[in-house]
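Data block below; observations after.
The values are calculated or read from the model by the stated rules, or taken from the named source; none is laboratory data. These numbers were taken from a predicted model, which means no experiment stands behind them. Cβ atoms come from the backbone with ideal geometry, glycine included; neighbour counts cover every protein chain shown. In case anyone asks, the SASA skips ligands and DNA or RNA and just uses the protein heavy atoms, side chains included. Shrake-Rupley method; radii C 1.70, N 1.55, O 1.52, S 1.80 Å.
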Amino acid sequence: MRSREDIAKYLVTETIGEDIFASAAKLYPICRSITGDGVRRTLREIGAHISLHVHEVPTGTAVFDWTIPREWNIRDAYIKDASGQKVVDFAQSNLHVMSYSVPVHEHLSLQELRKHVHTLPEQPELIPYRTSYYSEGWAFCMSHRQLQGLRDGTYEVVIDSSLKDGSLTYGEYLHKGDTEDEFLFSAHVCHPSLANDNCSGVALLAHLAKRLAGVRTRFSYRFLFAPGTIGAITWLARNEDKKGHIKHGLVISMVGDGGGPTYKKSRRGNVMIDRAFAHVLRHSGLTPTILDFSPYGYDERQYCSPGFNLPVGLFQRSQFGTIPQYHTSADDLDFIRPGHLAQSYRLVAEALNVIENDAIYQNTLPKCEPQLGKRGLYGAIGGDKDAAANNMAMLWILNLADGSNSLLDIAERADMPFKTIQSVARLLFQHDLLMTNSANAGMVDDHGR
Amino acid sequence: MRSREDIAKYLVTETIGEDIFASAAKLYPICRSITGDGVRRTLREIGAHISLHVHEVPTGTAVFDWTIPREWNIRDAYIKDASGQKVVDFAQSNLHVMSYSVPVHEHLSLQELRKHVHTLPEQPELIPYRTSYYSEGWAFCMSHRQLQGLRDGTYEVVIDSSLKDGSLTYGEYLHKGDTEDEFLFSAHVCHPSLANDNCSGVALLAHLAKRLAGVRTRFSYRFLFAPGTIGAITWLARNEDKKGHIKHGLVISMVGDGGGPTYKKSRRGNVMIDRAFAHVLRHSGLTPTILDFSPYGYDERQYCSPGFNLPVGLFQRSQFGTIPQYHTSADDLDFIRPGHLAQSYRLVAEALNVIENDAIYQNTLPKCEPQLGKRGLYGAIGGDKDAAANNMAMLWILNLADGSNSLLDIAERADMPFKTIQSVARLLFQHDLLMTNSANAGMVDDHGR
Amino acid sequence: MRSREDIAKYLVTETIGEDIFASAAKLYPICRSITGDGVRRTLREIGAHISLHVHEVPTGTAVFDWTIPREWNIRDAYIKDASGQKVVDFAQSNLHVMSYSVPVHEHLSLQELRKHVHTLPEQPELIPYRTSYYSEGWAFCMSHRQLQGLRDGTYEVVIDSSLKDGSLTYGEYLHKGDTEDEFLFSAHVCHPSLANDNCSGVALLAHLAKRLAGVRTRFSYRFLFAPGTIGAITWLARNEDKKGHIKHGLVISMVGDGGGPTYKKSRRGNVMIDRAFAHVLRHSGLTPTILDFSPYGYDERQYCSPGFNLPVGLFQRSQFGTIPQYHTSADDLDFIRPGHLAQSYRLVAEALNVIENDAIYQNTLPKCEPQLGKRGLYGAIGGDKDAAANNMAMLWILNLADGSNSLLDIAERADMPFKTIQSVARLLFQHDLLMTNSANAGMVDDHGR
C-alpha cells in the first residue's frame, strides 16, 4: 500500500481525465431526481468502481425540520399535436419534464398547455431544467423556439410518472485511514441529464475513491453520493454522532468545464481545507477565485448550518449560476472535457496531499544556518531550474521550523508550493537537519529512514 | 406611542426637509457668538419645538482648564467714509464684525483702518468669518473687492458692542427611553449667519428631537445645543457623572449642502455608532467618505479627549474646510437645500434605527436549514424585485444566528442593508424560527406576537 | 556630552557624505576575503576612527555547525601569453582571482585555461566576483570581451596565494549607553574591491560609531565588522550570552548607490527597529521599499535564525541582486556618491533618534483640551509653514497621550514625522501639559526643566 507522502502523484493517473469523462458519459442519460430509480441506477454505476453502501430511507421519515417525500419515478412523457405527432418527447431529453411532475393524461388547447410550459425566452434554443419537489404539479420544459412553433389546436399531454410512498436513496463509501478523523466528500446525485452539474462531480469522486483505496492515509475519507439538500440533511440527521470526527470536507460540483477554478470557503473561513485549497489554487498557474462563505449554494449550506458548522468548502470550476449553460440542455457532454476533469481532479489530489502531509518539524541546528555545502545540499535536488527554488525552500524551512510553524505555514509565508516545501523538508529530515516535534510526533512519518 | 421597530419610517415625515429648512432660515439672521443674546434667541427658536432646558453659567466659572469668558453683545457697527456714507454696515451682514470685537468709536486713516480689516484676497467677493474670543481686539471683515474700492481719507469706525460679566448659555433636551443609557446629540450654536455651519445642524436636531418624542425608545436621547468648544467643555465639566451613561453620540454640523456624506469615527474607532453610521452610509446609494478619528474638528474633540473618550462621531455632508463656502458669506441660505437636509435627516434616522433595533437572535432549528417552503416563507415578502434579496437575507440570518452574531453583524457579513435584515428577522421570529438569546433577552421586544 | 534628544541633528555633520566616501575610497583597493590580511588592513583603517577591538579566531575552531577555515592570503597573480605578456593581472583588479584560489603555477593551453575562467557573457565588459571558500580550486575572473580576445597558445598561469592554518579576524566596537540593552550594527568586511558592497556600509558605520561617541545614549551600541556568514556565526557562537541584551539591530550593506532605500524587516516583523525604520523611510520624501523578512540576504540570516531570532533588520539602497553592477567590477567608486552616502547615514541617524527618544507620556489635563492659547502654544513653534503641522501635532499628542501610546505610536497614527511629534511633545512637557508615565519613568529625561 502506498504511503501518503506521494499521494498526489499516485492518485493522478495518466488516463484520469478520460476515465472520469467515460463515467460521466454513462451517468449522463439517466433521469435522476431526489428519489427514485434514477438515483439507484446512478449509485449502481458508481458501485462498479467502489463497494458503495446504498441506504434507503422510507417516505415519511422525519429528518430534522424535513420529511422524506414520496418517491418519484417516470417511464415516459410526451406532447402530441392534433395530427398525433410527438412534438415533445421525454425519450429525447429527460429535461422535457419538470422533476416530480404528477401523472397526467389530458387533451388541452395550446393556451391551456402554455400554462404548463417552461422556456427560456432569452436563450431560445435551450431547454430549461425545472423541479417542483414540494408543491404538486406538472409541467413540460422546452426550447422557446419550439414553443413558438406550436400552432393553435388540441394537444395530447402524457406524463407517465408515479409519486408514491417509497424511499430516498443515497450511497456512502468509507476509505479507512490510520485515524477516525474524517474527510467528507459530497456530491449531489439528483440532477437529470446535466453533464457538468453534476455527472462531472459524481464521476470525479467515484474515481478518486477508487484510486484512494491504494493509499494508506492519515485521515479516513467518507464519500457521500446523495440527492441535493434533502439527501445531505438525511445523512446529517442519521449521522449526528460523526460530527466530531469530520475534520475536513469538500462539496464537489461542476468540475468539468474550463472556467474558474472556484473555491468557496467554509463558514468558519480559515480551517485547514480553506487554507489548503486556496494554497493549491494560488499555485496552480490558473486564475482562481476564492470566495468567502455565503449561505447559498450546494450542500455546504447544510454542512455549514450553525448547528453543525462543519469545516466543509465547495469546489467548482465556473461558479454556479454565472454561466449560460447552467441548468439548461446546453450543460451536455460537449460542455465537459477530459482535460478539465483531469485538472480538477489534480487540484483535489494536491489539496489532499497538503491535508495528509502537513506536519510540524523542528530545526535540529537552530543557531545560525547549518552548513549545507558540507552535506552536499546546496543545489542538491532537481535540475538547474529547480535548484534555486529548492535552495530557497531549504532556507525558509530551516528558518521557520521552530516548532510553531507547520509545512503549510511555511509554504504560505514563503509563497512557495506546498509540494516543494514538502519534498525539501523530507530531504532535510533525511539529513537530520529536521526532527519531528515531540508534541506533534503523531503527525509525522519516519520517511523511511 | 410608536415602538422603536419602525423608528426610521416614523421619524422621517414627508415635509421634513422643508421643515428643517424653514427653521434654519429663522436661525440664519441671528448674530450668535459663544455668549450673549444671539445664543439665547437661537435657543428660544429651538424651544418652539421642544421643551428645552436653558442653562446660564456665570462669567468666571472654571470649567476644567478653561474659564467662562465675559459675555459679548453687539447692537450695531459700521464704517463711514469722509462723506458720512456707510461703506460697511453690520445691519447688512453680521459677518462684517469680528466676533468678540471690543467697542470702538474712532476716526482713522485708510492705512490705519486696514490693520483692522480681514478679507479673502483669493475669494474677493466673499466676506470672511473671524473671531477673537480670548485676545482682546476689534476688526471688520469685508470682501476684498470692497476693501480695494475704499479711497484714501478718514473713516469713522463704530462698533457698538459690550464685553461684560454675564454668562454662557446653552440648551439641553432629554428624551427619556426605557434605559438610562444615553445617545448624545450635539450641535454648536455659536456661529452667526452661516447657514450650513451650523443653522442646518441645529435645525435638524430640533426636528429630530421633536419627532422622537413620539417613539418609545430603548435609549435615552440627550440633545445639546451649545457654543463650540467652550460650550461642550462646560457641559462636560458640569456632567462628569453622565460619562458612564453615554453609549453613543453624534456631533452634527453642516448637513444642508449636497456634498459627502462624511462620517468621522470616534477616537475608539469601532464602537456601535461608528459601525452603524458607516453601515448606513455604505448602503445609502451615495458616495460616502468614512474618516478615521483625528483630533481636529468640532466638539467631538472634547467628547473624545482622553479623559472622556466617549463613543461620539461626527456627521457632516461636505467635510469642513474643504469647500470654498466654508466660513464665508457664501455659506448662506442658498447653499443649503431642503432635499439635502431631508437626506441627512434620513441617514441619522436610519442610524438610530440600527442602534435601537440591533439584537442577538438564535436560530431555533440550527441543524441544517429549516424547510422554508412549507412555511410559505420563500419569496414571502415584498414584490418580485425584493424576493431574491429577502430569500438571501433569510439564509444569512438562519446561518449566522448562532447566538454570537447580532443583526448588524449579520448585515455587515451579508453586505445587505440592516433594514432588510431587520425586517426579515422579524418575520422569522414570528414564524418561531428565531428566538431571543436568553443572555440578551433585554435587547429584544416580542414583536407583537 | 550631548543628550540623546538631538541625536539625529548632532550625528549628521555637514561633511558626512564626503567623509564616508573618503573612507570607502581607502577601503576599496584592499583585497579582502573571509580571512587574511585584507580583513586586518580593513580593520586597521576603521581603527583610525574608533578604538576597535580586533579578534583572531584560530583555524579549526568549531562555531556551531561550522569550522573556522584555513586562512587565505594572496600576493600576486597573473596570466601570461606565449609572448610573456601579462594578459590578466591581479595588480590591476583583485576581482581577477577567485577568492580562496589555491596556489598554482602552470602552463596551459587556452582550452585548459578556459575551464578555470569565469566571465559574464551577458555583461561582456565586466569582471565578475567569485569565491570558493569551502571547496578547493582556483580560477580567474575576467571580462567576456577579454576572454574572447585570447588566442590559441600556451598560457602561464600564476596564483601566488597561500591557504594555511591561521585565523579568522573580526573587529568590534562598543559605545556604552545608560543601559546594557544593546543596538547591534553589523557590516560584512569580506568582499574585495566592490565599493558599494560593502566599502560603503563599513565606512558609514565607522563614521557613525565615531560620531556617536559624543552622545550620551539610552542604549549601548555594538558595531561588528566581520566577514559575511562565517564572521557573524563566529560572533554569535562566542557571544550567546549577549542574546538577551540585543533589543535592536541593523545589518548595513550597499548604502552608496542612489537606489531604494530598501528596508527588510526582521524575522519577527514588527519589532521596534522594523517600525522605526519603516516610519523614517515613509517620511523621507524618497520612494522606499519595505520588504518582509526572507531567509536569503546578508548576516540578518544568522541573527534571525530561529535559535536567535534577534530583532535585526537590513538596510540597503538598491536591493542586492537587482542591479547590473552587483558583484561585478562595475561596483566601483564611481558607483557610490557622497550625496547618497550622506542620505543613507541621515536615515540611520533618524532611526536611532526614534529608538533613543520614543517614550510614553501622559496628558496632565486629559479632560477636554487644555486651553493652548493662554499658554501661547498655538502657532508657538517654527515659522508659518510649520505652525499648522505643529498645532496638529499638539492636538494629536494631547489626545493620544493617555499612557498607552508612545511617541512612535502617536506619530504613526497621526501620520506625522516622529521628529515633529518629539519636538512638540518636549514643548508640551515643558509647559506641564505632559508628564512621564510613572511606569515608564526610566524612559524619559527631564528635558532640562
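Listing for the model above:
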item: Ellipticity estimate at 222 nm from DSSP helix runs (n ≥ 4, -39,500 (n - 2.57)) divided over chain C, nearest 500; result: -9000 deg cm²/dmol
item: Per-residue average of Cβ from other chains inside 10 Å of A:408-414; result: 1
item: Pairwise burial C:B, computed as accessible area of each alone minus the pair, summed, 1.4 Å, Å²; result: 1700
item: Label-point gap, in nm, between B:Asp165 and A:His53 - each point 7 angstrom along Cα→Cβ; result: 9.5
item: Point-charge dipole on Cβ atoms (K/R +1, D/E -1) for the range C:197-245, about Cα centre, debye to 20; result: 320
item: Karplus-derived HN-Hα couplings along the range A:140-148 (A = 6.51, B = -1.76, C = 1.60, θ = phi - 60°), whole Hz, x at Gly and Pro; result: 10, 10, 8, 6, 5, 4, 5, 4, 5
item: Prolate/oblate/rounded label for the range B:334-416 (Cα gyration tensor, a/c 1.5); result: oblate
item: Peptide B:387-399, shielding by other chains (average Cβ, 10 Å cutoff); result: 2
item: For the range B:85-142: rounded, prolate or oblate by the Cα gyration tensor [a/c cutoff 1.5]; result: rounded
item: Magnitude of the charge dipole, the protein assembly as shown, Cβ model with Lys/Arg +1 and Asp/Glu -1, debye to 20; result: 800
item: Ranked order, C:Asp76, C:Asp334 - accessible area, probe 1.4 Å, largest first; result: C:Asp334, C:Asp76
item: C:Ser99 long-range amide H proximity, modeled H, under 5 Å; result: C:Arg130, C:Thr131, C:Ser132
item: Cα Rg, Dmax, the protein assembly as shown, angstrom units; result: 40.2, 114
item: Out-of-range pairs (alpha-carbon distance over 26 Å; input B:Lys26/B:Lys176; C:Lys26/C:Lys243; A:Lys374/C:Lys26; B:Lys9/B:Lys242; B:Lys210/B:Lys247); result: B:Lys26/B:Lys176; C:Lys26/C:Lys243; A:Lys374/C:Lys26; B:Lys9/B:Lys242
item: Förster-model FRET efficiency, 30 Å R0, A:Arg337 and A:Met1, C-beta, rounded to 0.05; result: 0.40
item: Förster radius 45 Å - calculated FRET efficiency between B:Arg145 and B:Arg216 (Cβ-Cβ, nearest 0.05); result: 0.20
item: Computed lengthening from A:Arg75 to A:Asp89, 0.36 nm per intervening residue step minus Cα-Cα distance; result: 3.9 nm
item: Two-site FRET efficiency, A:Asp241 against C:Thr179, from Cβ-Cβ distance with R₀ of 51 Å, rounded to 0.05; result: 0.25
item: Order by protection proxy (mean Cβ within 10 Å, highest first), peptides B:387-400, B:92-105; result: B:387-400, B:92-105
item: Accessible-area value, B:Glu240, 1.4 Å probe, nucleic acids and ligands omitted, Å²; result: 70
item: Sorted peptide list for C:13-19, B:141-147, criterion being average Cβ within 10 angstrom, highest first; result: B:141-147, C:13-19
item: Per-copy distances of the A:Asp6 label point, shortest first, in nm (7 angstrom along Cα→Cβ); result: 7.3, 7.3
item: Principal axis dimensions, largest first and in whole angstrom, of the range B:87-226 by Cα; result: 68, 35, 22
item: Rounded percent of accessible protein surface that carbon and sulfur make up, the range B:20-131, 1.4 Å probe; result: 49
item: Table column - 3J(HN,Hα) (Hz), the range B:192-209, Karplus curve with 6.51, -1.76, 1.60, x for Gly and Pro; result: x, 6, 10, 6, 6, 10, 8, 4, 4, x, 4, 5, 4, 5, 4, 6, 5, 4
item: Rotational relation A to B, axis-closest Cβ in chain A, residue and distance rounded to whole Å; result: A:Asn270, 12
item: Per-copy distances of the C:Asp241 label point, shortest first, in nm (7 angstrom along Cα→Cβ); result: 6.4, 6.4
item: For B:Cys368, residues with placed amide H under 5 Å, excluding near neighbours; result: A:Ser305, A:Gly307, A:Phe308
item: Spatially proximal aspartates and glutamates relative to B:Lys265 (Cα-Cα < 15 Å; intrachain offsets below 8 disregarded); result: B:Asp274, B:Asp292, B:Asp299, B:Glu300
item: Residue-wise HN-Hα coupling along the range B:387-397, computed from phi with Karplus coefficients 6.51, -1.76, 1.60 (Hz; x: Gly, Pro); result: 4, 4, 4, 5, 4, 4, 4, 4, 5, 5, 5
item: Amide proton proximity set for C:Leu168, modelled H, under 5 Å, gap of 5+; result: C:Val57, C:Thr59
item: Of C:Asp241, C:Asp257, C:Asp81, the one that fluctuates the most in a GNM where chain C has Cα springs shorter than 10 Å; result: C:Asp241
item: Over chain C: Kirkwood hydrodynamic radius from C-alpha pairwise inverse distances, Å; result: 23.8
item: Average accessible area per residue (Å²) across the protein assembly as shown - probe 1.4 Å, nucleic acids and ligands excluded; result: 38
item: Net charge of neighbours whose Cβ lies under 12 Å from the Cβ of B:Pro128, counting Lys and Arg as +1 and Asp and Glu as -1; result: -2
item: Equivalent ellipsoid semi-axes, the range B:120-194, via Cα gyration tensor eigenvalues times 5, rooted, Å; result: 41, 18, 9
item: Complex-versus-alone comparison for the range C:45-86, residues with a loss of 20 Å² or more in accessible area, probe 1.4 Å; result: C:Phe64, C:Asp65, C:Trp66
item: Ascending list, in nanometres, of distances separating the C:Gly376 label from those of the other copies (7 Å, Cα toward Cβ); result: 8.1, 8.1
item: Relative contact order [Cα under 8 Å, 6+ residues apart], the range B:157-263, whole percent; result: 43
